[in-house]
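The values are calculated or read from the model by the stated rules, or taken from the named source; none is laboratory data. Note that this is a predicted model, so its numbers are computed, not measured. Positions of Cβ are backbone-derived with ideal geometry, glycine not excepted, and every protein chain shown enters the neighbour counts. Ligands, DNA and RNA are excluded from the accessible area calculation, which covers all protein heavy atoms including side chains. Shrake-Rupley method; radii C 1.70, N 1.55, O 1.52, S 1.80 Å.
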Amino acid sequence: MEAMRVKDVICSLVFFWFWTSIEGLLSPKGVNFEVQALMGVKASLKDPHGVLDNWDGDSVDPCSWTMITCSSESLVIGLGSPSQSLSGTLSPSIGSLTCLQIVLLQNNNISGAIPLEIGNLSKLQTLDLSDNKFTGIVPSTLGNLKSLQYLRLNNNSLSGPFPLSLANMSQITLLDLSYNNLSGPVPKFPAKTFSIIGNPLICATGTEEGCYGTVPMPNPSTTNNSQGREKSHKLALVLGSVLGCTCLLILGFGILLWWKHKRMKQIFFDVKRIQQDKNLDTLVDKDLKNNYDKIELEEMVQVALLCTQYLPGRRPKMSEVVRMLEGDGLVERWEASKRDEPTKSTAAHEFSSSERFSDLTDDSSLLVQAMELSGPR
């Protein structure tokens, strides 16, 4: 009897902890606060490609939505929708997502002001709103983001004075406010990379006193006197020599690889032709013998071929790849690609060069790439 009572108490405590952890994220009407905030973000945006279609206001948990990354505690920590042709405005409700660490909305057509409420995101580490159509001032509340490491607001139409509060961001590593219409003065920043080039009202000639960020910032230890400049020159010569030797080694290694390729070119094959000839067993390690699933092999090859189609627009999104590897929609997508093959050469000419090489023109910062892997291509 006593053991039963102890068990009941433990079960009650576990249920109470589970309920209170969920209740903390729910409004008085039983709606998840993060769901409400994200639906506010969606409502203010125009989504021509439907990338936010599965954002549902009736959901209890937004962690399964596209473009959303959650922590192990099911809290929203990442919002990434770069290069999706989104327009409209950015809703102030984004400030309610207090666990956000990464916001990547670069290379869209979002306009209007940058919400002051972003300054509430105390855990934010990366904010990229570059290559949009934002107007108005740079919110001084961004200076509250003590954990922010990467801030990119370049290539917008922001105006007004440069917010001096940004100098309070002690963790900042990269700060890019280039190609806007900001005005000075500009404080010094601890950021390793800092650019305000392309702001006509700040350092118009680039030679004014106290003009920072239009050219690489000099290292004080090498500019104190002529001796420091001489050391810097010698260091540049050494680095140039090392770089030259490295290039020669790379070139030699490349020639070696080319020579090995010429000698062993008979082992290279056309995967697509092999797939058409039903000779996929040639792709399998001989040591495996027959210890593999031939149907699964064929499906993986089909997914790989779909992902390497000539035109980027015909390639499946990352979410579609995951579903196809799970057996959902692969047959239909594969049949559709075979029907499109006869017109491939014609269609290729209909795409402009900017569309054809769109994969190469997106922003290439490291964190941007990492986030984009979790969304559509």
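Which residue out of 181, 144 is in contact with a helix residue (DSSP H, G or I) (Cβ under 8 Å, 6 or more places away or on another chain), farther than 15 Å from residue 128 by Cα and either touching a residue at least 24 places away in the same chain (Cβ under 8 Å) or open to solvent by 10 Å² or more (accessible area, probe 1.4 Å) (or both)?
Working: 181 fails: in contact with a helix residue (DSSP H, G or I) (Cβ under 8 Å, 6 or more places away or on another chain).
It is 144.
Can you list the strands (runs of 3 or more DSSP E) found entirely within the stretch 101-142 that contain at least 1 residues being farther than 15 Å from residue 175 by Cα and of a type in the set (Phe, Trp, Tyr)? Walk me through how you get there before you give the answer.
Details: elements: 102-104, 126-128, 133-136.
Filter on the stretch 101-142 gives 133-136.
Would you mind telling me which numbered condition in (1) at pLDDT below 75; (2) over 30 Å from residue 84 (Cα atoms); (3) not basic (Lys, Arg) residue 257 fails?
The failed condition is (1).
State which residue pairs qualify: first residue closer than 13 Å to residue 326 by Cα and assigned by the TED database to the domain that holds residue 272 and inside the stretch 295-310, second residue exposed (fewer than 14 other Cβ atoms within 10 Å of the Cβ) and at pLDDT 75 or above in any location, beta carbons under 7 Å apart, and separation of 6 or more residues or different chains.
Close Cβ pairs (under 7 Å, with a partner that is exposed (fewer than 14 other Cβ atoms within 10 Å of the Cβ) and at pLDDT 75 or above) amount to 303/325.
Among the residues of the stretch 289-305, write down those that are among the β-branched types (Val, Ile, Thr) and open to solvent by less than 100 Å² (accessible area, probe 1.4 Å).
Step one: of the stretch 289-305, the residues among the β-branched types (Val, Ile, Thr) are 295, 301, 303.
Hits for the stretch 289-305 are 301, 303.
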